[in-house]
Amino acid sequence: MAWRWLRGHLGGNKTARRTRGGAAVDPTKLLKMNASELRALLADNPANAELWVRAAAERGLAAAQVRLGRMMLEGIGLPKDEKLALSWFKTAARAHDADAINMVGRCYENGWGAAPDSRIAVDWYRKAADAGHEWAQYNLGHMLLDGNGTAADPEEALFWYCKAAGQGHVRAMNLVARCHEEGWGVARNSAAARRWYRASAEGGYFRGQYNWATILQGEGRFDEAEHWFRKAAAAGTPQVRRAIERRSLVAIAKSCSTMNPLPSSPNLAREAARFSHGDESAIGSCS
């Protein structure tokens, strides 16, 4: 699709763009690339890719506009500029690019390039979610669950988490499980929570791995639980790693009743519960 777009829009443009050092970047070379080569170019080392990405973005390629916006948002390969990043996301969003629409929502939620406005963020997330964008579905679920920028609606939050989970979104799977475990928007269902935690864990998400390990621990399957705790520690945040390294949750479980999967120490129990779902809104809401 990107190749066909470039062929239609750059075919008559033979003008080369020059770098600050005088090297030429000929946008017509993009026409000779197949789809795989174009994707590789856009994902290349930022310092090498920036000129090509900018050339494509300035000629209207939405995928390149989103890529350039991300580079500006993070200051990778060029100076950080959140306002200009948001401008590029909005430009791509006008072409109905769902990834761009989601990123506009992210900018308004977090105050990147504009004053934070959760209500506007919800509007953008919903547009992308309706278009089938799994990260937007996940992000919209957070806003609805927390009542951030909209009325709290756990049932609709679960609906969007399920939509994202159905597309293989492992973080959403963990939240579907959490909703069933806690009874958020649905009747409590430990069997469903178990299935979704396992799916999230096997998909590689460290919080899903932590939760699945906790369930195995509660069932007395300590060796399996230790395996998943180790995987969670390897992939998790430094805070999670320190907690698991500081005291083996599996060892604690062996000294506790199997009816209570969390540690008996009140402080450690609260700590473990917090790690089981964490600040999902702050982690991984970028596509």
Residue among L216, L144 that alone is part of a helix (DSSP H, G or I) and either closer than 23 Å to N102 by Cα or of a type in the set (F, W, Y) (or both): L144
Every residue from the stretch 187-200 that is polar (S, T, N, Q), assigned to a helix (DSSP H, G or I) and surrounded by fewer than 18 Cβ atoms within 10 Å (Cβ to Cβ): S190
A129 vs. criteria touching a residue at least 60 places away in the same chain (Cβ under 8 Å), of a type outside the set (V, I, T) and part of a helix (DSSP H, G or I): no
Failed item, numbered, when Q137 is tested on (1) surrounded by 24 or more Cβ atoms within 10 Å (Cβ to Cβ); (2) modelled with pLDDT under 95: (2)
Residue within the stretch 165-186 that is farther than 28 Å from G218 by Cα and surrounded by fewer than 24 Cβ atoms within 10 Å (Cβ to Cβ) present: yes
Scan of the stretch 59-113 for residues that are modelled with pLDDT under 95, in contact with a Leu (Cβ under 8 Å, 6 or more places away or on another chain) and either of a type in the set (A, V, I, L, M) or farther than 23 Å from L140 by Cα (or both), ordered by number: R59, L61, A63, A64, M71
Hits in the stretch 135-156 - residues which are in contact (Cβ under 8 Å) with a residue 40 or more places away in the chain and among the acidic types (D, E): D146
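The values are calculated or read from the model by the stated rules, or taken from the named source; none is laboratory data. A quick note: this is a predicted structure, and the numbers were derived from the prediction, not measured. All Cβ positions, glycine included, derive from the backbone under ideal geometry; neighbour counts span all protein chains shown.
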